[in-house]
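The values are calculated or read from the model by the stated rules, or taken from the named source; none is laboratory data. Computed from a prediction, not measured in an experiment: that's the story for all the values here. As a convention, Cβ positions derive from the backbone with ideal geometry for all residues, glycine included, and neighbour counts pool all protein chains shown.
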Amino acid sequence: MGAVHSVAAERAAAWRERCVALPPPVCAALERVGPPDADDRLRLLHYLDELPAADVVEDLEERPPTWLRNAVPEVWGGAG
Amino acid sequence: MPCRRCGEALGEYAEAHGHHVAAAGAFAWVALEGGRDGVRWLARAALAALGAEQADVAGALLEEARGRRGGESHPLLVVAQVLADPEHSAEQLGEALVAVPADSPDSVRVRVMRAMLHGQHGEHDQGLAQLDDLVDRPLAAPALLSAQLLLSRAVQGAPGVDRRSDLERAKGLALLARDRRRAWSGPSQEAVAVAAQAALLTEGDAGAAEVLRLGTVPPDGEALPIEAADAQVRAVVADAKLLLGETDLGPLPAEPEYSAALREGLRLTRSGERHDLVAVAYRRALAAAGSAEQAALALHGLASLNALDDCE
């Protein structure tokens, strides 16, 4: 029981540490992600980790993820 | 396909870094994914599109939102619709913002917008009151806006205002905002510019030395490269160097004619140049002045040279 608590506490601490390195609204949104989407959250965090912040936002404007580009083509001038 | 909350997070990430186009796209995607708060996300998307000066996109998003259940009356959508109207008045915007409930997920954003609106009309006290209890939260925007309002109140010199206290508080809050944005590699340069302006006005030469510390990179200062490279920060650092007697200011960022001419006048004065050359710079500043305060500063420079005779 104690070991389970310890693992949970470690994960919570690691998440808090990860969260403070993100803008607060981003952290809040990711905290609301439920278990079925945990893999997506990890993928998104990996994406944000991979690039410096300036490159991420440039990437979003120049080469938005396909799912985003296809859903809202008018924002990116119909690219997709 | 990423999760809906991940789309929200991506939009918030883009918006936090000032990339409104990407934010609009992500928020619109969240709305199109479904869910009962789709109107709110369309309103957020429209606000982001307006921030990117994409009025057509904002209009399309607002139309989509109005066609949805509850769309016409959603408080944030009403705010976005007012802002989308280029003819909107401050009263209309104020009424729309007041109508957003305090328990809305957008209440902090709306209070910051209300404070900005007060600030635009010189109502510093009302603006600060909007932000009073928000500066203790781990957010940068309320702290930075409070600092800007205090700085503006100190510069205007309203009766009964403790100017020195306002400048000290402005500097402290701006540095708080800087550190909060640095924590997530955010745009901390805006906060450094405000802190440096407050320092420059606070303590004379000591303040000027502090500006150099805030606005230059180590080992001389504590600025991050992105902060030291910011045009506003560089302009304040140049002013501080002038105050400290330095006349070699290095390359300066492009800036409005008025500021450039006034700084040139100060630099030439410090260098002991001929009065007729210095007066040329002050006359350029006078011609480009955009307010009575700016004109007064240029005239003060001319008066110090006894060169007011040919000024109407």
Requested in this report: Just give me the residues in the range B:265-290 being at pLDDT 80 or above and under 25 Å from the mean Cα position of the chain (by Cα), in sequence order.
Outcome: B:Ala285, B:Ala288, B:Ala289
Report summary line: Note: among B:Glu72, B:Glu64, just one is outside the structural domain of B:Pro138 (by TED's automatic domain parsing) and either closer than 19 Å to A:Ala28 by Cβ or not in a helix (DSSP H, G or I) (or both), namely B:Glu72
**Report entry** Restricting the range B:13-31 to residues that are small (Gly, Ala, Ser) and under 21 Å from B:Pro138 (Cβ atoms), the residue that is surrounded by the most Cβ atoms within 10 Å (Cβ to Cβ)
**Finding:** B:Ala23
Report summary line: A careful count of residues in the range B:60-108 that are within 14 Å of chain A (Cβ to nearest Cβ) and closer than 18 Å to B:Ala24 by Cα gives 8
Report task. Test B:Ala229 against the stated conditions and say whether it is of a type outside the set (Ser, Thr, Tyr), over 30 Å from B:Arg178 (Cα atoms) and not assigned by TED's automatic domain parsing to the domain that holds B:His17. Result -> no
Report task. Considering every residue within the range B:240-252, establish whether at least one is in a helix (DSSP H, G or I), crowded, with 20+ Cβ neighbours inside 10 Å, in contact with a helix residue (DSSP H, G or I) (Cβ under 7 Å, 6 or more places away or on another chain) and in the same structural domain as B:Pro187 (by TED's automatic domain parsing). Result -> yes
Requested in this report: For the range B:142-166, name all the residues that are modelled with pLDDT under 95 and among the aliphatic types (A, V, I, L, M).
Outcome: B:Leu151, B:Ala154, B:Val155, B:Ala158, B:Val161
Query raised in the report: Taking the condition surrounded by fewer than 21 Cβ atoms within 10 Å (Cβ to Cβ), within 14 Å of chain A (Cβ to nearest Cβ) and within 28 Å of B:Gly207 (Cα to Cα), does B:Pro138 pass?
Result: yes
Query - Qualifying positions in the range B:5-59 - within 9 Å of chain A (Cβ to nearest Cβ) and of a type in the set (Asp, Glu) - result: B:Glu8, B:Glu12, B:Glu15, B:Glu33, B:Asp56
Requested in this report: Go through B:Ala279, B:Ala303, B:Ala296 for me and flag whichever is of a type outside the set (Lys, Arg) and surrounded by 15 or more Cβ atoms within 10 Å (Cβ to Cβ).
Outcome: B:Ala279
Report task. Inspect all residues belonging to the range B:163-184 and state whether any of them is without any contact (Cβ under 8 Å) to a residue 60 or more places away in the chain, within 14 Å of chain A (Cβ to nearest Cβ) and at positive phi. Result -> no
Report task. Exactly one condition in (1) assigned to a helix (DSSP H, G or I); (2) crowded, with 16+ Cβ neighbours inside 10 Å is not met by B:Ala223; state its number. Result -> (1)
Query raised in the report: Does A:Leu45 satisfy the condition of being at pLDDT 75 or above, surrounded by 13 or more Cβ atoms within 10 Å (Cβ to Cβ) and aliphatic (A, V, I, L, M)?
Result: yes
Report task. Please work out if B:Leu50 is out of contact with any Cys (no Cβ under 9 Å at 6 or more places or on another chain), buried (at least 21 other Cβ atoms within 10 Å of the Cβ) and in a helix (DSSP H, G or I). Result -> no
Query raised in the report: What about B:Gly215, is it in the same structural domain as B:Asp132 (by TED's automatic domain parsing) and touching a residue at least 60 places away in the same chain (Cβ under 8 Å)?
Result: no
